[in-house]
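Single-structure report; data block below.
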Amino acid sequence: MLASDKYDNYALHLRNQRRRYDNGLPSSHKPEDIVYWERNPEDLAWFLSDTDVGLVTSALRGAGEVFDWMDSHGGKAPTQGSIDQVEKVLGTKLSYWRHNKKNNRGGWTTTYGSELLTLAKKRGYPDVFNTTDLTREALEWAKELFGWMDSHDEKTPRMSSKDPVEKALGSKLSDMRRKKKNNRGGWKLYGPKLLKLAKKRGYQDVFDTIDLNSEALKGAGEIFDWMDSHGGKAPSQMSTDPVEKVLGTKLSNMKRRKKNNKDGWTTYGAKLLKLAKQRGYPRVFNTRGSR
């Protein structure tokens, strides 16, 4: 039983006992029960009244806060697993309402459910209280991810990209890799289906956590091999040759990361510089004007 269910059940018990007390019936009501309701005015008003107006008011106010947050975050629903405290509180509240709607309890049918659904429709979020099908949602996202990779030469999206679509996909992919590594956050539920789809689409390793050092050293090795076979010339990202263009783009990104000391350079930069020196290209990662 959720903590919120225990709260609701105890709340209803205390209120029913107060009503019996008011009607002269046997009751366990005690005057000090009111202390339980001094959390906010709406709760106290509900406890002292013979109607559920206070509870409806409280629910509508909370839903309004959720919708305001969604408005300012591109329609995204808050999650209770967020590290942001505001989102976490709102996400917990939303999860509680979804649970009540699904199980038809906690006052959803008798008190505030219809009011919340009306407000949700008015605010443009008619399905917000529906229980999320995590497996279906994960598979739909994976199809979007693989479609993007298909149209970008099998490149994996980066969460540091300036393109909003790539950035969103990259952030989600990073999150999925973390879930797979730790076997948490729903991975036990939908992980096997994601891996099956990934294998079918030709991206069987896409959810593996990347070893940045190994990946960077491998990429640098490919650049140096190309340079060895082209008289020491560095590949250009402006080349019409597809191989040189890919390597040139990779080299340009590494130069930028070194210059800004960002995006993993602090992790693998020292090893790249050491390898570059060993291969005879000590200044290959320098940008113009740098040493």
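The values are calculated or read from the model by the stated rules, or taken from the named source; none is laboratory data. Note that the structure is predicted; figures quoted are calculated from it, not measured. Don't worry about glycine lacking a Cβ; one is built from the backbone with ideal geometry, like all the others, and counts go over all protein chains shown.
In the stretch 60-73 there is at least one residue matching the filter, namely being under 20 Å from the mean Cα position of the chain (by Cα), of a type outside the set (Asp, Glu), outside any helix (DSSP H, G or I) and not assigned by TED's automatic domain parsing to the domain that holds Gly185. Number of residues in the stretch 101-120 that are touching a residue at least 60 places away in the same chain (Cβ under 8 Å), not small (Gly, Ala, Ser) and not in a helix (DSSP H, G or I): the value is 1.
Does the stretch 241-266 hold any residues that are assigned to a loop (DSSP other than H, G, I, E, B) and either basic (Lys, Arg) or within 18 Å of Phe224 (Cα to Cα) (or both), and which are they? Passing the criteria: Asp241, Lys262. Considering only residues that are outside any helix (DSSP H, G or I), more than 30 Å from the chain's Cα centre (by Cα) and loosely packed, with under 13 Cβ neighbours inside 10 Å, which ones fall in the stretch 200-240? Residues satisfying the conditions are Ser229, His230, Gly231, Gly232, Lys233, Met238, Thr240. Counting just the residues of the stretch 46-66 that are crowded, with 18+ Cβ neighbours inside 10 Å and modelled with pLDDT of 85 or more, which one comes out farthest from Pro164 (Cα to Cα)? Out of the qualifying residues, it is Gly62. Considering only residues in the stretch 79-98 that are not charged (D, E, K, R) and not in a helix (DSSP H, G or I), the one that is surrounded by the fewest Cβ atoms within 10 Å (Cβ to Cβ) turns out to be Ile83. Within the stretch 264-282, how many residues are over 20 Å from Lys233 (Cβ atoms), touching a residue at least 40 places away in the same chain (Cβ under 8 Å) and charged (D, E, K, R)? The total comes to 1. Only residues that are touching a helix residue (DSSP H, G or I) at 6+ places or on another chain (Cβ under 7 Å), under 12 Å from Phe67 (Cβ atoms) and either assigned to a helix (DSSP H, G or I) or not hydroxyl-bearing (Ser, Thr, Tyr) (or both) were counted in the stretch 121-144, giving 4.
Does Lys101 satisfy being crowded, with 18+ Cβ neighbours inside 10 Å and basic (Lys, Arg)? Yes: the conditions hold for Lys101. Would you be able to say whether some residue in the stretch 241-252 is among the small types (Gly, Ala, Ser), under 16 Å from Asp153 (Cβ atoms) and crowded, with 17+ Cβ neighbours inside 10 Å? Looking for residues that are among the small types (Gly, Ala, Ser), under 16 Å from Asp153 (Cβ atoms) and crowded, with 17+ Cβ neighbours inside 10 Å, one finds at least one in the stretch 241-252, hence yes.
Here's the yes/no breakdown for (1) hydrophobic (A, V, I, L, M, F, W, C); (2) closer than 20 Å to Gly185 by Cβ:
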site	(1), (2)
Gly74	no, no
Gln85	no, yes
Tyr96	no, yes
Thr110	no, no
Phe129	yes, no
Ala138	yes, yes
Leu145	yes, yes
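When Lys277, Lys188, Lys181 are checked against the criterion of being modelled with pLDDT of 90 or more and part of a helix (DSSP H, G or I), a single residue qualifies: Lys277. Residue pairs whose Cβ atoms lie under 9 Å apart, sitting 6 or more positions apart in sequence or on different chains, and linking a residue in the stretch 183-202 that is over 11 Å from Thr135 (Cβ atoms) to a partner that is polar (S, T, N, Q), are Leu195/Gln204; Ala198/Gln204.
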